[in-house]
Amino acid sequence: MIYELFNPVTKTLVTHLRDQRRDAIRFRHTVAELTKQLVYEALKEFPLIEKEIIPWQGSGCFSTIDEENIVVVTVLRAGMPMLDSVMELLPSAVAGFLAMKRDETTHESKLYYDRLPDCKGKNILLVDPMVATGGSMNDAIDLIKTREPLKIIMLNIIGSPEGLERVHSAHPDIDIYIAQIDEKLDKNKYIIPGLGDAGDRAYNTPE
Ligand code: PRP
Ligand code: URA
């Protein structure tokens, strides 16, 4: 299923991201805030375990997400602020990294670095702000699935209808949580209205 967030705060933060006056540090902070909203929504029915902690009185077990069983996979570069944000909420989760670059002529994504941890039986949160053609997400999912995870959940900020449909039809088992579904792709496969190149916006690297 594809779940779009309709909270007014979410929509406000997406509008902030679209504003080209938003500088890189505030862009990354806003991406991080939106990521937290996506995590709350995506994990709202997630099972809890009981964990022994040291409370202020005596001893006892208390409810928590089993963080160690979660792997957060990001796609460099634009996914980095999202990874940091998830790890702030779930500090014992395990991080995984994929590096991909879209070829701006063919618009195909190319994997050039894979640093996935053990994914077998784990819950994977796959984070990337942009779903344009959906090629990067599909390639990432194809690879992660070869490592036998329990479940994959996608967290994204802006997607095109065609890119999301492409991912959903290739991987109907995956739940997609997204802050904003935009109108379409342009002839260069950029999202309209979108926000431009998320990696460039986040790290001050205009073409
Ligand atoms: C962006 C974005 C996605 C990809 C989406 O990365 O972060 O990974 O494009 O496009 P797709 O759905 O058509 O595959 P980009 O290749 O621009 O790299 P960057 O993060 O280094 O800027
Ligand atoms: N990658 C981006 O960062 N933005 C787009 O609109 C498309 C791909």
Exercise. At most 10 other Cβ atoms within 10 Å plus a DSSP loop assignment makes a site exposed; report the longest stretch of the chain without any exposed trypsin sites (Lys or Arg not before Pro).
Key: 45-119
Practice problem: Any of K110/K145; K110/K189; K110/K151 with alpha carbons more than 19 Å apart? Name them for me. | Solution: K110/K151
Quiz item: Which shape class applies to the range 102-186: rounded if a/c is under 1.5, otherwise prolate when a/b exceeds b/c and oblate if not, where a ≥ b ≥ c are the square roots of the Cα gyration tensor eigenvalues?
Solution: oblate
Self-check item: Positive-end residue, the range 58-207 charge dipole about Cα centroid, Cβ charges, pick of P161, H107, L143
Solution: L143
Quiz item: Between the range 130-159 and the range 172-207, what's the alpha-carbon centroid distance in Å?
Solution: 14
Exercise. Using amide H atoms built 1.01 Å from N in the peptide plane, name the residues 5+ places from D66, or on other chains, whose amide H lies under 5 Å from its own.
Key: I49
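Which net charge results when you count Lys and Arg as +1 and Asp and Glu as -1 among the other residues whose beta-carbon is under 9 Å from that of R147?
Combined, the nearby Lys, Arg, Asp and Glu give +1.
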Quiz item: Using alpha carbons only, how many degrees (0 to 90, rounded to 10) separate the axis of helix 80-89 from the longest principal axis of the chain?
Solution: 20
Quiz prompt | Net charge dipole size for the range 1-131 [Lys, Arg +1 and Asp, Glu -1 on Cβ; Debye, nearest 20] | solution = 480
Exercise. Compute the long axis of helix 161-170 from its Cα atoms, compare it with the longest principal axis of the Cα atoms of the chain, and write down the angle in degrees, 0 to 90, nearest 10.
Key: 50
Self-check item: From phi via Karplus (6.51, -1.76, 1.60), per-residue ³J(HN,Hα) for the range 181-196 in Hz, x at Gly/Pro
Solution: 9, 8, 7, 5, 9, 8, 5, 8, 6, 9, 6, 10, x, x, 9, x
Practice problem: Count the DSSP beta bridges whose two residues both fall in the chain, then state the antiparallel fraction as a percent rounded to the nearest 5. | Solution: 30
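What does the net charge come to around I49 if you take all other residues with beta carbon closer than 12 Å to its beta carbon, with K and R at +1 and D and E at -1?
In short, -4.
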Quiz item: Per-residue HN-Hα couplings for the range 107-113, Karplus 6.51 cos²θ - 1.76 cosθ + 1.60 at θ = phi - 60°, whole Hz, x for Gly and Pro?
Solution: 6, 8, 8, 10, 7, 10, 7
Self-check item: Part-to-part distance (alpha-carbon centres) for the range 1-55 and the range 56-125, which is given in Å
Solution: 14
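Computed from the coordinates by the stated procedures, all read-outs in this text should not be read as laboratory data. It should be emphasised that the depicted structure is a prediction, and the values quoted were computed from it without experimental measurement. Methodologically, a virtual Cβ is constructed for each residue, glycine included, from the backbone with ideal geometry; neighbour enumeration extends over all protein chains shown.
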